[in-house]
Protein chains: 2
Amino acid sequence: MDPTACLERTRLLIDRCLDRLLPKEEEPPATLHRAMRYSVLAGGKRLRPALALAGAELGSEPIETLAPAAAALELIHTYSLIHDDLPAMDDDGLRRGKPTCHVVFGEAHAILAGDALLTLAFEVLAREPQGERFVPRRLEAVRRVAKAAGPAGMVGGQTADLEAARLPAAADRVAALEFVHRHKTGALLGASVALGAVLGGLSRSEVDRLERFGQKVGLAFQIADDVLDVEGSDETLGKTAGKDQKDHKLTYPALLGVEASRREAKRQLEEALGELEPFGAKAQVLRELGAFAIERRS
Amino acid sequence: MDPTACLERTRLLIDRCLDRLLPKEEEPPATLHRAMRYSVLAGGKRLRPALALAGAELGSEPIETLAPAAAALELIHTYSLIHDDLPAMDDDGLRRGKPTCHVVFGEAHAILAGDALLTLAFEVLAREPQGERFVPRRLEAVRRVAKAAGPAGMVGGQTADLEAARLPAAADRVAALEFVHRHKTGALLGASVALGAVLGGLSRSEVDRLERFGQKVGLAFQIADDVLDVEGSDETLGKTAGKDQKDHKLTYPALLGVEASRREAKRQLEEALGELEPFGAKAQVLRELGAFAIERRS
């Protein structure tokens with residue numbers, strides 16, 4: 001299937017799940033629920049759920065059954081965006097083409113909305129998909145996602161990002177930036193594919209291989225994102241363009257130049273695709289999603 | 001056993017677990033790991049793990065096996081303290097007798113340390129205690145703790161707390177305050193006892209009953225805490241005394257007076273103790289912990 005059509009189909013399915021999973025606006029505390037819904041339902045490609053469902057297609061379970069668990073990845077991704085955009089962090093006012101959560105609801109509610117989304121995600125992962133045979137798979141999904149989102153993964157990457165720009169030596173900076181991208185983006189993308197594969201009933205070694213595919217796609221994606229930040233406009237990005245440069249953040253283009261960064265993204269993508277070889281034609285959707293994610297960004 | 005001795009024994013066991021579960025200070029990103037360790041290892045009574053282990057004693061598993069999972073509750077409790085103390089929230093500079101996380105490490109690192117602790121807790125709960133027979137119990141523990149910590153529990157309570165003081169009518173304010181305390185404190189205390197009971201192998205209805213015990217102890221505890229805030233000093237509290245009043249926060253003493261608040265805490269405790277009746281003498285440690293938590297605070 002064409003990756004745009006695949007993403008669109010996933011998006012509709014996942015957005016329906018998210019609407020059901022999120023607390024209703026009219027229930028107390030209403031402001032918390034409004035802030036959660038505002039940020040989650042602000043749009044986005046739903047790339048992480050799409051990767052999860054594409055991973056699940058290599059297994060033997062109906063995709064619709066796994067959709068709520070895949071949607072939980074988007075709760076975690078949105079929490080990370082809300083917290084990263086806070087004034088104390090990247091201080092960004094625009095996200096997915098809309099004012100950020102703290103701009104609309106204030107800092108306190110943005111912090112709490114992020115906390116609530118992260119916690120809700122684990123409640124969903126502990127519950128979905130229902131059924132006895134999923135019990136050990138759900139537990140394995142919680143374990144992998146928590147590891148990828150926590151201090152050894154995404155939160156560790158965001159912390160390193162805050163600190164990387166202060167490093168004096170250029171060689172240290174390239175290594176630091178790779179650490180940032182691997183942890184901040186690669187870990188959760190890897191866990192997303194792994195989540196689908198675990199719930200779909202694949203073997204441990206297959207899940208590990210698919211997780212590595214996702215991690216490498218994540219690194220390629222983030223390098224391509226850095227390039228886009230240099231070249232894009234607010235409109236195509238849905239967030240403030242050129243902000244990395246203005247904030248003196250480390251980026252691949254700043255360290256290696258635009259052309260070398262493009263080559264590095266491509267090299268990482270090829271490594272990622274190598275992980276899919278044993279799956280043959282069945283992994284075609286994953287291949288196309290991986291390539292699409294990077295091409296759209298470089 | 002005397003509750004002080006019981007708490008002390010638990011504290012030593014749990015502090016050893018926490019030291020092992022937390023990432024090492026020398027590993028990158030070091031600042032994140034230092035901030036996490038600083039706040040978690042700053043002291044505290046470890047009441048939630050103690051309640052979990054006392055709940056587990058009604059079951060049939062060795063307590064030491066369950067200690068890492070019980071310690072995960074303290075990671076969640078500490079995350080909530082770090083975020084509650086942030087300038088955008090309660091803006092408090094003193095906690096457990098020490099400068100708060102954001103005072104020492106800055107706001108960005110405090111937000112991230114909280115995020116990391118919450119996520120790490122779920123990774124620990126998905127992993128501990130090890131062994132095949134614990135697989136469904138671990139999953140049930142994740143589900144109950146996530147529900148109690150999320151928007152339908154602790155985060156919901158903290159949000160309602162930010163908003164309650166703005167309510168005009170006195171009757172609304174009493175109802176709002178009860179909502180705050182039930183969600184902000186009661187939910188996680190209930191889940192703490194339930195966690196121990198689930199992992200200890202108790203039946204569903206026993207776990208539910210013990211969860212209600214913990215929820216009611218939590219409400220009583222929080223009312224007693226409000227009283228202590230009016231009457232205590234910085235030294236006995238380990239946090240800024242009289243701060244609720246200064247911040248015009250809703251408290252039981254402000255709404256009902258000190259004596260009526262004491263009576264209400266006692267009434268809630270008696271309701272809590274009623275839940276323990278079917279367990280007879282075996283629940284003596286839980287009884288004493290419940291009474292101790294409230295007495296020390298009123």
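Every number in this text was worked out from the coordinates using simple rules, so none of it is lab data. In this text the structure is predicted, and so the values were computed from the model without any measurement. All Cβ positions, glycine included, derive from the backbone under ideal geometry; neighbour counts span all protein chains shown.
Listing for the model above:
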{"read-out": "Exposure rule at most 12 other beta-carbon atoms within 10 Å, DSSP loop trypsin sites (Lys or Arg not before Pro): chain A longest free segment", "value": "A:25-165"}
{"read-out": "Per-copy distances of the B:ARG96 label point, shortest first, in nm (7 angstrom along Cα→Cβ)", "value": "3.5"}
{"read-out": "Over the stretch A:138-215, relative contact order from alpha-carbon pairs under 8 Å, at least 6 apart, %", "value": "34 percent"}
{"read-out": "Gaussian network model of chain A, Cα within-10 Å springs - most flexible of A:GLY59, A:GLY114, A:GLY190", "value": "A:GLY59"}
{"read-out": "Label-point separation in nm, A:ASP2 to A:GLU231, each point 7 Å along Cα→Cβ", "value": "2.3 nm"}
{"read-out": "Label spacing, shortest first and in nm, from A:LEU12 to its equivalents in the remaining copies (7 angstrom along Cα→Cβ)", "value": "6.4"}
{"read-out": "Chain A, helix-only ellipticity at 222 nm - DSSP H runs n ≥ 4, -39,500 (n - 2.57), divided by all residues, nearest 500", "value": "-22500 deg cm²/dmol"}
{"read-out": "Relative contact order, percent, the stretch B:3-295 [alpha-carbon distance under 8 Å, six or more residues apart]", "value": "20 percent"}
{"read-out": "Cβ-derived FRET efficiency at R0 30 Å, A:ARG9 paired with A:ARG133, nearest 0.05", "value": "0.70"}
{"read-out": "Approximate spin-label separation A:GLN284-B:GLU25, in nm, with each point projected 7 Å along Cα-to-Cβ", "value": "5.7 nm"}
{"read-out": "At 7 Å out from Cα toward Cβ: A:GLY43 inter-copy label distances (nm, ascending)", "value": "5.2"}
{"read-out": "Which listed pairs, of A:LYS147/A:LYS184; A:LYS184/A:LYS266; B:LYS45/B:LYS184; A:LYS24/B:LYS249; B:LYS147/B:LYS216; B:LYS147/B:LYS282, have C-alpha distances above 23 Å, in listed order", "value": "A:LYS24/B:LYS249; B:LYS147/B:LYS282"}
